[in-house]
Amino acid sequence: MRITRYSALAIATGLLLLSSLLLVEAREHLTFKGAPPDLERLIREHPDGWAPLSGHSVDSEWSKSLKSDYDLVTTRTYQYPDGKTVSMLMTWSRDGIRRAGHLQQVCYQVGGSEIGTPKQASVTTKMGKQEVITFTAQQGNRVEDVMYWRITGGKLDLGTNQSLFSATRIDKMTRLIRSMLGTMPDNIMIRVSSERPAPDQPATAHIDYIREYLESLPANDRDLIMGTHD
């Protein structure tokens, strides 16, 4: 019997759906076997000259919702003597496939901010470049410049396949297949942001802070935070 293009497409779709079901079932048996990172210690580390401010950069209600999506969540705000301020958020999930860190532009949008187009950028440090995702978040006259990145299974994860900012079903299946013979990959997300002094004047405090922060970390902490770049 001759297989038409449409028949082949139907067979491929059926196999994809079957594979999805099998992989979802297999995922339930995967576990992360490493020790959770000490995010509280990592976020307390800060470059010379920056001072921690009291309180949190995430309100209590949102923090509760974050803790339902992540296994660990911690936030801090730091200020430089000249008054510039940065907010930092770190999250960790032991399930880096199903809970691979929220897309932060979506979180801001849900919170009522108008989001600028997310872009891939890099922060240059003495150890090399750290690839990040950047965007702006605006509410009224308040504009915040935001950068973040995710580390899944020890590797830098900015998003793959058809869109940089959306992990497709195929991408998730690929990750799971790579994990089938090993363990569940965990996920770390790092976000740093600063408010613009004026709506049309881009902020740079968060860029300066993260560069100095990465350069000040011990090598093992820095490797954990920066991940492996393919």
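The values are calculated or read from the model by the stated rules, or taken from the named source; none is laboratory data. Predicted model only: the values in this text are computed from it and were never measured. Virtual Cβ from ideal backbone geometry, glycine too; neighbours counted across all protein chains shown. Side chains included, ligands, DNA and RNA excluded: accessible areas come from the protein's heavy atoms. Shrake-Rupley method; radii C 1.70, N 1.55, O 1.52, S 1.80 Å.
Numbers for the structure displayed
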{"quantity": "Sequence of S54, S122 when ordered by accessible area, the most exposed leading, probe 1.4 angstrom", "calculated": "S54, S122"}
{"quantity": "Exposure rank, largest accessible area first [L42, L53; 1.4 Å]", "calculated": "L53, L42"}
{"quantity": "Built amide H within the under 5 Å cut-off of M184, gap 5+", "calculated": "T31, F32, K33"}
{"quantity": "Relative packing of peptides 106-116, 209-219, 142-152 - highest average C-beta neighbours within 10 Å first", "calculated": "142-152, 209-219, 106-116"}
{"quantity": "Radius of gyration, Dmax [the range 82-159; alpha carbons; angstrom]", "calculated": "13.9, 42"}
